[in-house]
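Asker: The structure under discussion is supplied below as structure tokens; questions concerning it will follow.
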Ligand code: PFF
């Protein structure tokens, strides 16, 4: 039986090719993880929740939940070597359980499509801010006019839809060319992103308030953090690492057999966390240097930073760099959000990769219209959680991601045999035992807490 399993596993090849190197895989997964979540969401949430204590708790969750869930996703993906739906179905049978596990894959793929529908709209805002930056629209403006600039832009459905469309077209072009296209894209995008962040970091070092930013981010004041904040930090850790929705599983399917999953996970988590920290270290000193409010909220990037840039001598240049950077980060994340659905369509229908990518991109684009219009024409159209955007966000972030992550770890740690998991994770040593403990008990329980909180049961 064991020999058989091994033979199956070794003979199984991804239908979309493999990553050319371990580094390419790490960059692709990092590209998916680093996005609006790190650069836009992390700083504003850290700001709203008082800084230090929130950051500390976030970091704890990244390591204690993020790592084991990510390892589970990669090992499942590589073992199945299919899209998340087919992989869960195949492994469910192979591990002697049920093929009904495919429903976890279905939920994961749907979550990707739904998340991307609104992610693309926000990414569109980011793209739209590039020409605003280039043409110096922030230069010398006060808070009121910067705020008005954003409100005016967002209240015009045509410009928001145009930016959303542009973002989806770029996405389609990159994803239609297959894994090779993905690789080329991330090889160029990731180092560019890091470089741009360092340029901004160098500026913030000289801003005069660098230490204020550092103190805010790293001095824990537990009075500033309530239970809700703890749960928010846990949810943010899942979101920024892209876990719970099959993206990492789909990328794992292209991972060569000899690559160490543990090492890859450590590199990705380290890179993702460093970029979030770097983003914080860029943003907070700038916020303090200009007497702004760190708890500004989701508007922080769009309404506050342009103001800061507008006051700086080289502001036009830096603002351009910043929004280009954010667009790149959003693009590489979007590729990860779309890949599971495209891989599923290529494998399960007669459509080729280009046709599948076009179909999925169109569906996402169409769904995204709901979000694009939530900020203008349809802002009065509310039900359940609020606008269309608020409902999609609630459904995905608060329900689907936590559920996806819980089921993924439960499957890897409880349903898969020790033989299978130790084979993928190379052995029975300390790392394996730690993974097993965290994946079996800690992560599912902790994530279940986020989930119950999100639906208001606790
Ligand atoms: N991790 C991305 C971010 O921080 O922006 C968002 C994301 C991408 C979530 C891909 C989930 C995913 F599958």
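Asker: Where does helix 353-374 land angle-wise versus the long Cα axis of the chain, in degrees 0 to 90, nearest 10?
Answerer: Roughly 40 degrees, rounded to the nearest 10.
Asker: Between residue 270 and residue 437, what is the label-to-label distance in nm when each label sits 7 Å out along the Cα-to-Cβ direction?
Answerer: Placing both labels 7 Å along Cα→Cβ, they lie 2.3 nm apart.
Asker: With a cut-off of 8 Å between alpha carbons and a minimum separation of six or more residues, what is the relative contact order of the range 345-458 in percent?
Answerer: 22
Asker: Could you tell me the distance between the Cα centroids of the range 99-129 and the range 253-321, to the nearest Å?
Answerer: Cα centroid of the range 99-129 versus Cα centroid of the range 253-321: 22 Å apart.
Asker: Which order do peptides 24-34, 425-435 fall in by mean Cβ count within 10 Å, highest first?
Answerer: In descending order of packing, they fall as 24-34, 425-435.
Asker: Would you compute, from DSSP H runs of 4+ residues alone, the mean residue ellipticity of the chain at 222 nm, taking -39500 (n - 2.57) per run and dividing by the full residue count, rounded to the nearest 500?
Answerer: Roughly -23000 deg cm²/dmol at 222 nm, from the helical runs in the chain.
Asker: Please say if the range 347-458 is rounded, prolate or oblate, where rounded means a/c under 1.5 for a ≥ b ≥ c the square roots of the C-alpha gyration tensor eigenvalues, and otherwise the choice is prolate for a/b larger than b/c and oblate otherwise?
Answerer: The shape class here is oblate.
Asker: So for the range 48-135, what are the equivalent ellipsoid semi-axes in whole Å, largest first, each being the square root of 5 times an eigenvalue of the Cα gyration tensor?
Answerer: After scaling each eigenvalue by five and taking roots: 34, 22, 11 Å.
Asker: For the ranges 87-98, 118-129, 204-215, what's the packing order if you count other beta-carbon atoms within 10 Å of each residue, average per peptide, and put the highest first?
Answerer: By packing density, highest mean first, the sequence is 118-129, 87-98, 204-215.
Asker: Pairing the Cα long axis of helix 143-155 with the longest principal axis of the chain, what angle in degrees results, from 0 to 90 and rounded to the nearest 10?
Answerer: For helix 143-155, the angle is close to 50 degrees.
Asker: With the contact rule set at Cα under 8 Å and sequence spacing of 6 or more, what percent relative contact order holds for the chain?
Answerer: 34
Asker: Can you figure out the FRET efficiency of residue 311 with residue 100, using R₀ = 60 Å and their beta-carbon distance, to the nearest 0.05?
Answerer: Calculated value: 0.55.
Asker: How far apart, in nm, are the 7 Å Cα→Cβ label points at residue 134 and residue 376?
Answerer: In this crude label model, residue 134 to residue 376 measures out at 2.1 nm.
Asker: If packing is taken as the average count of other Cβ atoms within 10 Å, what order do 101-114, 265-278 fall into, highest mean first?
Answerer: Order by mean packing, descending: 101-114, 265-278.
Asker: Under the classification rounded if a/c is under 1.5, otherwise prolate if a/b is larger than b/c and oblate if not, where does the range 70-181 fall, given a ≥ b ≥ c as square roots of the Cα gyration tensor eigenvalues?
Answerer: Cα axes put the range 70-181 in the prolate bin.
Asker: Here's something else I'd like to know. Helix 401-410 versus the longest principal axis of the chain: what is the Cα-based angle in degrees, 0 to 90, to the nearest 10?
Answerer: 30
Asker: For the range 278-358, what class follows from the C-alpha gyration tensor (a ≥ b ≥ c being the square roots of its eigenvalues): rounded when a/c is under 1.5, otherwise prolate if a/b is larger than b/c, else oblate?
Answerer: prolate
Values quoted throughout were computed directly from the atomic coordinates according to the rules given, and no laboratory measurement underlies them. Note that the structure is predicted; figures quoted are calculated from it, not measured. In this analysis, Cβ positions are derived from the backbone assuming ideal geometry, glycine residues included, and neighbour counts consider all displayed protein chains.
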